[in-house]
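What follows is one structure encoded as structure tokens, with my remarks underneath.
The values are calculated or read from the model by the stated rules, or taken from the named source; none is laboratory data. No experiment lies behind these values; they were computed from the predicted model shown. Cβ: placed from backbone, ideal geometry, glycine included. Neighbour counts: every protein chain shown.
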Amino acid sequence: MKKKYTVTDRIITRITGWIAGATVVVLALWGIQTLWGYYNYEQTNDAQVQEYVNPVISRAGGFIVAVKFEENQQVKKGDTLLLIDNREYLIQQEQTEASIEKEAAHLRVLESNMHTTEKVAQAVKSQIAANKAKVWRQQLDYDRYQQLYKDESATKQQLENIQAALDVNKSDYQASLDNYDASLSKINDIETEKTVVAAEIKRLKALLDRHKLDVSYTVITAPYDGRMGKRTIETGQMINAGEVLAFIVDNETDKWVIANYKETQVAAMHIGDSVKFTADAFPDKEFKGTIISLSPATGSSFSLLPPDNSTGNYVKIVQRVPVRIRVDGSKEAIDALKVGMNVNVFVPKKQSHHG
């Protein structure tokens, strides 16, 4: 019985030794690999995949009459996403078009009146010349009869008749001058009124352009190739101008990673450095990238309420500097990464640079 116990004990001891040895070897390999990684790479797991995710915003208010997209749908630039009831905007457009036609008709009336007034002015101008000739001739008659009256060859009544005729002619001449001035004044008034009407037509045309824009805003289209996010809008909803209706992920721009490195890690990093990283979603897959920029300030400096170390409660905290990394590689590899995914970034410590 004692011998059997001893054999079992030896087996257990041996197995325990193997397990302990294997554990030591695994820990040693893991330790060596970790130390090797820390020696060769600046690492961080405070990093996420980023991409332009932009809101789809309505520029007109009204009732939604159709929703033309589904969640996560691929869309092309110019594809219709939403339709807003445009009847009110069309009525405003038609009213403005009618106002333009009315003012254009008014302008034509003024042009006709001006044409008529110019003809009248021309006729009055001809009358001035005729009346001036009459005054001149009557003045000669008056001067002659005045001399005859002095020589007692004409009666006073004859002289008075000639003088009366001269006064009438002078009055007609002055009246024709006044009529001509009035005609010129009327032409100027019509010209001014035409300017006012033309300005009003210009204003109405600008207003019409605005109404046409409003009508166009009732058809909301995709601003670029992309993928739609969560759908929260439905037919029959009332929306206001400026309201966010959906989100779209831009397919036309690169994806990038924002890696928040400690300030003690970025001294040797440069734009153009090659980077590798893994995503938590694909731990066995390695991705490539290139540093394209380093933040001009730490992340806390851009916060809504940056810390003020001069207030007396200073505690030294290692700050983080955002490093922007462009994702390189095949389209399939890039498409596998989704916005917001966590990644682990490795920047080689020793890279050659040419300045």
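Results, tabulated for the structure shown:
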read-out	value
Residue within segment 31-49 that is over 30 Å from LYS349 (Cα atoms), in contact (Cβ under 8 Å) with a residue 12 or more places away in the chain and of a type in the set (D, E, K, R) present	no
GLU111 being closer than 30 Å to LEU207 by Cβ and touching a Lys or Arg at 6+ places or on another chain (Cβ under 9 Å)	yes
Only listed residue being without any contact (Cβ under 8 Å) to a residue 12 or more places away in the chain and more than 30 Å from ASN113 (Cα to Cα), chosen from ARG203, ARG210	ARG210
Residue within segment 71-94 that is farther than 30 Å from PHE282 by Cβ, in contact with a helix residue (DSSP H, G or I) (Cβ under 6 Å, 6 or more places away or on another chain) and either modelled with pLDDT under 85 or hydroxyl-bearing (Ser, Thr, Tyr) (or both) present	yes
Where a residue in segment 126-152 is not assigned by TED's automatic domain parsing to the domain that holds GLN174 and its partner, wherever it lies, is β-branched (Val, Ile, Thr), with Cβ under 6 Å and at least six apart	none
Checklist (1) of a type in the set (Asp, Glu); (2) modelled with pLDDT under 90; (3) surrounded by 12 or more Cβ atoms within 10 Å (Cβ to Cβ) applied to ASP151, failing item	(3)
Only listed residue being assigned to a strand (DSSP E or B), at pLDDT below 90 and not basic (Lys, Arg), chosen from VAL315, VAL275, VAL321	VAL321
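Residue by residue, here is whether (1) assigned by TED's automatic domain parsing to the domain that holds ASN240; (2) on the phi > 0 side of the Ramachandran plot; (3) in a strand (DSSP E or B) holds:
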site	(1), (2), (3)
GLY21	no, no, no
GLN43	no, no, yes
ALA66	yes, no, yes
ASN72	yes, yes, no
ARG108	no, no, no
